[in-house]
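Participant: One structure, pasted below without further comment.
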């Protein structure tokens, strides 16, 4: 994942779609590091989901026009 800076997801992450959901997860090791360093170091894994692209409009094939 590329970022524009700390904590910011770049615009090209989802290409033409918007961000739908962002999850921040920590495993046991990451939680232990956070506790031992009193929160100074707080590693996490970030998962992001993009919106599904909109389906194309239905074909208007009854007028036999080639687009």
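The values are calculated or read from the model by the stated rules, or taken from the named source; none is laboratory data. Keep in mind that what you see is a predicted model, and the values were worked out from it rather than measured. In this analysis, Cβ positions are derived from the backbone assuming ideal geometry, glycine residues included, and neighbour counts consider all displayed protein chains.
Participant: Identify all residues within the range 17-59 that are surrounded by 10 or more Cβ atoms within 10 Å (Cβ to Cβ), at pLDDT 90 or above and assigned to a loop (DSSP other than H, G, I, E, B); write none if there are none.
Facilitator: Passing the criteria: 26, 27, 37, 41, 42, 43, 44.
Participant: Which of (1) more than 14 Å from the chain's Cα centre (by Cα); (2) at pLDDT below 85; (3) not in a helix (DSSP H, G or I) is the odd one out, the single condition residue 62 does not satisfy?
Facilitator: (3)
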